[in-house]
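The values are calculated or read from the model by the stated rules, or taken from the named source; none is laboratory data. In this text, all values refer to a predicted model and were calculated from it rather than measured experimentally. Cβ sites come from the backbone with ideal geometry, for glycine too, and all protein chains shown count toward neighbours. Ligands, DNA and RNA are excluded from the accessible area calculation, which covers all protein heavy atoms including side chains. Shrake-Rupley method; radii C 1.70, N 1.55, O 1.52, S 1.80 Å.
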Amino acid sequence: TTPFLFQFHKSRLYSSFENGKSAGGRIEQVVLFSFIAVIILMMACINFMNLATARSATRSKEVGVRKLVGAGQSSLIKQFMAEAIVLSFIALVLALIFVWQLLPFFNQITNKSLIIDFTEPVFIIGILLITIICGLCAGSYPAFFLSSFKPLLALKGNVLNSLSGSGLRKTLVIIQFVVSIVLIAGSIIIYEQIAFISSKNLGFEKDNIVLIDSNEELIKNNTSFKNELLQSSSVKDVAFAGSNIFTIPITTTEIEWPGKPVNSSLQFKLFRCDAGLIPTLNIDVLKGRNFTDLSQDQSNYIINKKAMEVMGLSPENVIGTEIEVWNGPGRIVGLTDDFHNDHLSAGIEPLIFLYTEQIGQYFLVKVDHEKPMKETLGEIEKVFKKASPQHPFEYSFLDEAFDREYQSEAVIGKLSMSFTIVAVLISCLGLIGLASFTAERRIKELGIRKVLGASIAELILMLCSDFIKLVAIGLAIGIPLAWYLGTSFLSGYAFHTNISVWIFVSTAISILFIALISVAYQAIKATTVNPVNSLKNE
């Protein structure tokens, strides 16, 4: 491995390393959600185009009059672009108000304390550029579209009959629903993985375990501290551990055992603990025995089943095998079942337990869950203060420590759901815009059909069926894409949930229901118009 320098200010976002090289980290989440935000912003621009197009009939006469009195196409384009930019700035003000109101909620789910600094030049310049670019992008198509009306057709109200570009508008709506489908299915997959992690059998018990930070006084009074705790009826077991059991940080390749291959670079995790750890966490001992005391086991070791397998040993000969670790030459006295000793994105690693009563980070106290926790903690604090009067009593719970290990997954799930809700709402607006445009364009056709005897239900079904086709196309594209992205996400975990077909069935039903609700109002509104009013110009 080649030594290298790493800038400290990058450690928060670029904390992942592979083979001694930076391989990303939290920056991947920043990029992911920035990409989703850009997609949602594009969806909003698309909606503005569709809604502006749908309103074209109400502004066609305005365009016709302005052209007849001498207005050129360029001046009309400038007017409509200016309107779009003004609307974009109004949206900016509303967005800042929403962000300011929702920031406490965001800080809560991300466990941060972010604030909006309105005096930061980069922030001001950034939001102004985004606002102007969005206004230009969203207003460009409507500006050229509305300014291209022929004056005579516009004044006659026949603009809708000459419009083109319906294929583009339908394509944009399909794209919106593809994004919504991917986000809905993706959010469900993320939440199922979070539920899988929460309910996963880790191979040891993590509930009702109090973690107490060790210090030099506690370590000095190790034996008396543990013995006094065990005298309490609320305490079942006490253990001393070198580090976090979930993600054991100490690894080495410097292990010697009989039959070790030449130039072997197998990596083992090392976990320092005393005789109380295995019974406290209820880790299964498959062969041999647990540690007993320092005099007998200072140079003895316990390994997990994975370590036995990579060493090429068998259950019949593993006990008594001589190995050399950091505590010096010794023998394997116990074999435990495998348990998760790393993040679930990694597999179960070979592990060797080293006996210690002096080197460690935590005391683990297993308490009786039937006793009031407040009283139990009070009893533990009394014993702690007696053994370590110079230090504050600081504690946490093992299950909470486990939850913190997967906090980023939980945050991704919550933020994904929030983005999904926004994307679905925007997609509904896009569908309403297209439905409104279609209804206005076909208003006379609907009147003729009503005169010829078509019922309102038949007309509503006819209009809705056109949009259901668009949603069906979106489902046909979005579901395979969601499956591919979901599979890629889960492949980052050595242990993960399976993608159920019901995820996509529920997504499809939800999208279809949302689409029908979005279109139904416009369809009912268009089909209940009096045919006399819709045909009076003919």
| Put Asp117, Asp237, Asp274 in order of accessible area, largest first, 1.4 Å probe: what do you get? | Asp117, Asp237, Asp274
| field | Cα pair distances in region 372-436, grouped into 10 Å bins until the bin that holds the longest one, percent each | value | 17, 22, 18, 15, 12, 9, 6, 1
| task | Give me the percent of the accessible area of the chain that comes from carbon and sulfur atoms, probe 1.4 Å, all protein chains in place. | result | 62
| message | Give me P(r) over region 177-252, computed from all C-alpha to C-alpha distances, binned every 5 Å, as integer percentages. | response | 3, 10, 14, 15, 13, 11, 9, 8, 6, 4, 4, 3, 1, 0
| message | Between Gln390 and Ile448, what is 0.36 nm times their sequence separation minus the Cα-Cα distance? Round to one decimal in nm. | response | 11.8 nm
| remark: Partner aspartates and glutamates whose C-alpha sits under 18 Å from that of Lys469, ignoring same-chain residues fewer than 8 away, are Glu458
| message | Given Cα positions, please report Rg to Rh for region 105-145, the hydrodynamic radius being the Kirkwood one. | response | 1.24
| If you line up the Cα atoms of region 400-463 on their principal axes, what length do they span on each, largest first, in Å? | 71, 19, 9
| task | Round to the nearest 0.05 the FRET efficiency obtained for Val93 and His343 when R0 = 51 Å and r is the Cβ-Cβ distance. | result | 0.75
| Over all Cα pairs of region 70-136, how is the pair count split among 5 Å bins, expressed in % and running from 0 up to the last occupied bin? | 3, 15, 17, 18, 16, 11, 7, 5, 4, 2, 1, 0
| query | Do any of Lys200/Lys306; Lys450/Lys525; Lys226/Lys287; Lys260/Lys306 go past 21 Å between their Cα atoms, and which? | reply | Lys226/Lys287
| request: Compute the whole-percent fraction of alpha carbon pairs in region 406-531 spaced more than 25 Å apart. | output: 41
| remark: Length-normalised contact order of the chain, Cα under 8 Å, at least 6 apart, in percent, tallies to 21
| note | For the chain, longest principal axis from Cα atoms; helix 501-527 axis from its Cα atoms; angle between them, nearest 10 degrees, is 20
| Ellipticity estimate at 222 nm from DSSP helix runs (n ≥ 4, -39,500 (n - 2.57)) divided over the chain, nearest 500 | -19500 deg cm²/dmol
| message | Over the chain, with the other protein chains present, what is the accessible area per residue in square angstrom, probe 1.4 angstrom? | response | 52
| task | Quick one, can you get me the convex hull of the C-alpha atoms of region 201-332 expressed as volume per residue in Å³? | result | 131
| By how many degrees, 0 to 90 and rounded to 10, does the Cα axis of helix 73-110 deviate from the longest principal axis of the chain? | 30
| task | Calculate the all-directions average of the projected area of region 367-478's alpha-carbon convex hull, and give it in nm². | result | 14.3
| remark: Expected sort for 175-183, 253-261, 467-475 on mean C-beta neighbours within 10 Å, highest first, is 175-183, 467-475, 253-261
| request: Over 24 Å between C-alpha atoms is what I'm after, so list which of Lys269/Lys414; Lys220/Lys382; Lys366/Lys386; Lys220/Lys374; Lys269/Lys386 land there. | output: Lys269/Lys414; Lys220/Lys374; Lys269/Lys386
| Hydrodynamic radius (Kirkwood) for the chain, which is based on Cα pairs only, to one decimal in Å | 29.0
| said: Which order do the peptides 518-524, 384-390 come out in when sorted by mean C-beta neighbours inside 10 angstrom, highest first? | reply: 518-524, 384-390
| Once you put a point 7 Å from the Cα of Val285 and another 7 Å from the Cα of Gln29, both along the Cβ direction, what distance in nm separates them? | 4.0
| remark: Under the rule rounded for a/c under 1.5, else prolate if a/b exceeds b/c, else oblate, using alpha carbon gyration tensor axes a ≥ b ≥ c, region 297-368 is classed as oblate
| query | Along the Cα-to-Cβ line of Ala457, 7 Å from the Cα, sits a label point; which residues in region 507-528 have backbone N less than 16 Å from it? | reply | 524, 528
